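First comes the structure, then the notes that go with it.
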Amino acid sequence: MRTESIIVLILVSLLIIYVIAQAIMTWKKRASFSLIPFILMKVADWAQILLMIGLVTITAVYAWSTEKMAREMREQRIMASRPIIVQRVMTPIGNLDSDCFEIYNDGNVTAIELEIIQLGKEGNQLAIQKETFFLRTGETPIHFYPVGLREQIGSTCYIVSQYRGILSGETEQIWYQTRLPFVPVKAQSRDYIILQPKELEFREIHKKETF
């Protein structure tokens, strides 16, 4: 059930309780004292208190739900108007001694000034590949071949893509980063290094980072 439907259901229930409480309060003013009406009076008082608490809670939940929905819509608009560089590990064809990276644009906007940087276990730069051409959505992926993996075996390294969108103006120097943590592992069957990727990280920065 959607959040809006639950809120409406709770609100209607509280309104029914309120109407019953008002009816009891009206009736108690006309009746003489007895135990049952006295108990009903207390129930009516507590019903009013619960109604006030419920209305405050519903207002807070509705405001939170509205703000969350607006934030999600804003994030969707941002993601729809920017390039999204994705990096994934692939096994190359040939006699290479390790896996490599395939990098492509999965967004709706062309990426420009793309740099691909390989960081070692201590955060030091091991390799950089500058792609000055446009990387459009659906274009042939770029292949990046990491270096120095034997010294990094068992440690978490990073492949970082740093880029801008073609719609970014000169006055709005927004850069995007896609970071892919990975661990080089030596294969048991032969002298070959396998790259074990972790979860992709997407960042937005306002100044180009130098590694």
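The values are calculated or read from the model by the stated rules, or taken from the named source; none is laboratory data. Because the structure is predicted, anything quoted here is derived from the model rather than measured. Methodologically, a virtual Cβ is constructed for each residue, glycine included, from the backbone with ideal geometry; neighbour enumeration extends over all protein chains shown.
The table below lists the values:
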| read-out | value |
| --- | --- |
| Positions within the stretch 73-101 being modelled with pLDDT under 75 and in a helix (DSSP H, G or I), in sequence order | Arg74, Glu75, Gln76, Arg77, Ile78, Met79, Ala80 |
| Test for Ile159: is it within 19 Å of Glu131 (Cα to Cα), at pLDDT 95 or above and β-branched (Val, Ile, Thr) | yes |
| Qualifying residue in the stretch 104-119 (condition: of a type in the set (Gly, Ala, Ser), within 30 Å of Lys186 (Cβ to Cβ) and surrounded by 12 or more Cβ atoms within 10 Å (Cβ to Cβ)) | no |
